[in-house]
Amino acid sequence: MSDHTYKLVELVGSSPNGIEAAIENAIARAGKTVRNLRWFEVVQVRGHIENGKVAHYQVTLKVGFTMDDAD
């Protein structure tokens with residue numbers, strides 16, 4: 001196993017369709033501009049309530065990615 005150095009970014013994903021969808025939305029969007037995504041950690045879950053029902057989920061993630069070599 002080679003040595004790895006990771007950089008962390010914090011993201012907030014959202015979805016009206018649940019926590020998993022909010023996570024997937026955040027990762028998919030980050031993957032468009034950040035290379036080498038490797039792992040994530042959910043650090044907070046919250047939501048928006050309308051008329052006594054859950055209307056929207058928000059999930060805060062720490063996402064790790066490996067950095068490119070400095071060649």
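The values are calculated or read from the model by the stated rules, or taken from the named source; none is laboratory data. What you see is a predicted model, and the numbers here were worked out from it, not measured in a lab. So basically every Cβ, Gly included, is an ideal-geometry build from the backbone, and we count neighbours across all protein chains shown. Note: accessible area is taken over every heavy atom of the protein model, side chains too, but ligands, DNA and RNA are not part of it. Shrake-Rupley method; radii C 1.70, N 1.55, O 1.52, S 1.80 Å.
Take segment 49-71 and flag every residue that is of a type in the set (A, V, I, L, M), free of Cβ contacts under 8 Å to residues at least 40 places away in the same chain and either open to solvent by less than 100 Å² (accessible area, probe 1.4 Å) or over 13 Å from Pro16 (Cβ atoms) (or both).
To start, the set of residues in segment 49-71 that are of a type in the set (A, V, I, L, M) comprises 49, 54-55, 59, 61, 63, 67, 70.
Those left that are additionally free of Cβ contacts under 8 Å to residues at least 40 places away in the same chain: 49, 54-55, 70.
If the condition is that a residue be of a type in the set (A, V, I, L, M), free of Cβ contacts under 8 Å to residues at least 40 places away in the same chain and either open to solvent by less than 100 Å² (accessible area, probe 1.4 Å) or over 13 Å from Pro16 (Cβ atoms) (or both), then Val54, Ala55, Ala70 are the ones that fit.
Starting from residues that are closer than 28 Å to Asp69 by Cα and out of contact with any strand residue (DSSP E or B) (no Cβ under 6 Å at 6 or more places or on another chain), keep the ones in segment 11-29 and report whichever is most open to solvent (accessible area, probe 1.4 Å).
So the residue we want is Arg29.
So in segment 32-42, with the set limited to residues that are in a strand (DSSP E or B) and without any contact (Cβ under 8 Å) to a residue 24 or more places away in the chain, which one is surrounded by the fewest Cβ atoms within 10 Å (Cβ to Cβ)?
Here is the first cut: in segment 32-42, the residues in a strand (DSSP E or B) are 37-42.
Cutting the leftovers down to without any contact (Cβ under 8 Å) to a residue 24 or more places away in the chain gives us 41-42.
Working: Glu41: 11, Val42: 13.
Filtering first and then ranking leaves Glu41.
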